[in-house]
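The values are calculated or read from the model by the stated rules, or taken from the named source; none is laboratory data. What you see is a predicted model; the values in this text were computed from it and never measured. Glycine also receives a Cβ, built like all others from the backbone with ideal geometry; neighbour counts cover every protein chain displayed.
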Amino acid sequence: MPVLTDRRAMTDLRKLSFEQLLIYIAVVETGSLTRAAERLGIGKTAVGKHVQRLEDELGTTLIARTTRRIHVTEAGASFFEAARRLAELADEAVSSVNPAAETLRGTLRVAASVEFSAIVLAPVLAAMREAHPELRIEMVSGDRFIDMLAEGVDVAIRLGELADSSLRAVTVGKYEKWLVASPAWLARHRLPGDVAEAAGLPFVGLSVLAHPLRCQLRKAGGETLVLDFAPGLLADTMYACRAAAAEGAGLAWLPDFTVHGDIAAGRLVRVHADWAGPAMAMHALLPPGRHTPPKVRALIDRLKAHLAQG
């Protein structure tokens with residue numbers, strides 16, 4: 001059954017321009033008429049007039065304005081989600097006609113942990129921005145819970161097992177944890193030949209884990225081992241653990257992607273290299289729905305290629 005059932009509804013829809021939708025999307029995403037104007041390259045007054053005209057044509061208030069900030073109304077939030085889906089569908093329609101000439105536009109908001117953002121995401125997104133100068137990219141870095149829909153996040157990167165949710169998940173790579181130490185620390189301490197004896201050595205643990213001093217090891221042949229280290233230096237970020245280990249504070253148990261650069265530079269050494277943590281998946285979480293915007297597909301493809309290089 002068609003959505004528009006009378007001539008008046010068709011006339012109302014025709015009053016809305018795609019330009020108005022894009023301007024409104026920019027206002028909500030940036031949280032400011034001024035920043036939206038800067039993003040779009042038009043005057044702030046023009047942005048305000050477009051939003052006002054849109055509200056007049058819809059017969060409802062989308063944005064409540066104060067002298068300092070804007071507040072999106074309930075109707076405005078609902079309209080924003082629908083408008084953004086329309087913009088994404090329009091991008092897909094253009095791309096389907098000429099995918100080779102695809103130009104990515106709009107805003108891409110990506111959420112990930114601080115460490116993953118700095119080590120993996122930053123170079124991938126920098127290259128993506130270079131290839132698509134009309135695409136605005138925003139990184140949301142941190143370990144807090146992200147409400148993707150409420151915060152306008154297009155992609156959230158999560159490591160390891162996922163909780164059940166309505167979000168879509170795409171595997172972009174895998175990682176495992178390694179035991180590492182600095183060359184200076186290894187020069188001062190005798191590393192036992194049996195990895196089980198390493199539990200008595202100084203250890204740098206990640207305090208936010210349920211068991212910060214525990215390592216679950218697996219050998220290529222299938223043998224498994226759980227080591228519980230004695231209390232040592234604890235830190236609440238992988239960055240701090242990695243830095244402490246590089247300065248000689250002890251052994252550390254860290255994801256491989258966080259230490260590749262340090263190992264290559266000689267700041268850290270992988271020890272007992274025949275042992276590692278179980279392989280874990282890296283996921284790109286997407287909002288519910290059937291459609292994946294071209295900008296999101298492009299990021300996923302780039303992440304897969306980057307992570308496959310090791």
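Key figures for this structure:
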read-out: Conditions (1) assigned by TED's automatic domain parsing to the domain that holds His189; (2) crowded, with 19+ Cβ neighbours inside 10 Å: number failed by Arg267; value: (2)
read-out: Total residues in the stretch 123-142, condition surrounded by 14 or more Cβ atoms within 10 Å (Cβ to Cβ) and either not in a strand (DSSP E or B) or not assigned by TED's automatic domain parsing to the domain that holds Arg297 (or both); value: 5
read-out: Some residue of the stretch 195-214 being within 26 Å of the chain's Cα centre (by Cα), surrounded by 13 or more Cβ atoms within 10 Å (Cβ to Cβ) and of a type in the set (Val, Ile, Thr); value: no
read-out: Complete set of residues in the stretch 226-236 that are exposed (fewer than 13 other Cβ atoms within 10 Å of the Cβ) and touching a helix residue (DSSP H, G or I) at 6+ places or on another chain (Cβ under 8 Å); value: Asp228, Ala230
read-out: The stretch 270-287: number of residues that are within 23 Å of Arg105 (Cβ to Cβ) and surrounded by fewer than 16 Cβ atoms within 10 Å (Cβ to Cβ); value: 0
read-out: Asp262 among the acidic types (Asp, Glu) and in the same structural domain as Val153 (by TED's automatic domain parsing); value: no
read-out: Any pair with Cβ under 7 angstrom, 6 or more apart, that starts in the stretch 229-247 at a residue that is free of Cβ contacts under 8 Å to residues at least 40 places away in the same chain and under 21 Å from Ser113 (Cα atoms) and ends at one that is exposed (fewer than 15 other Cβ atoms within 10 Å of the Cβ) and hydroxyl-bearing (Ser, Thr, Tyr); value: Leu234/Ser207; Ala235/Ser207; Asp236/Ser207
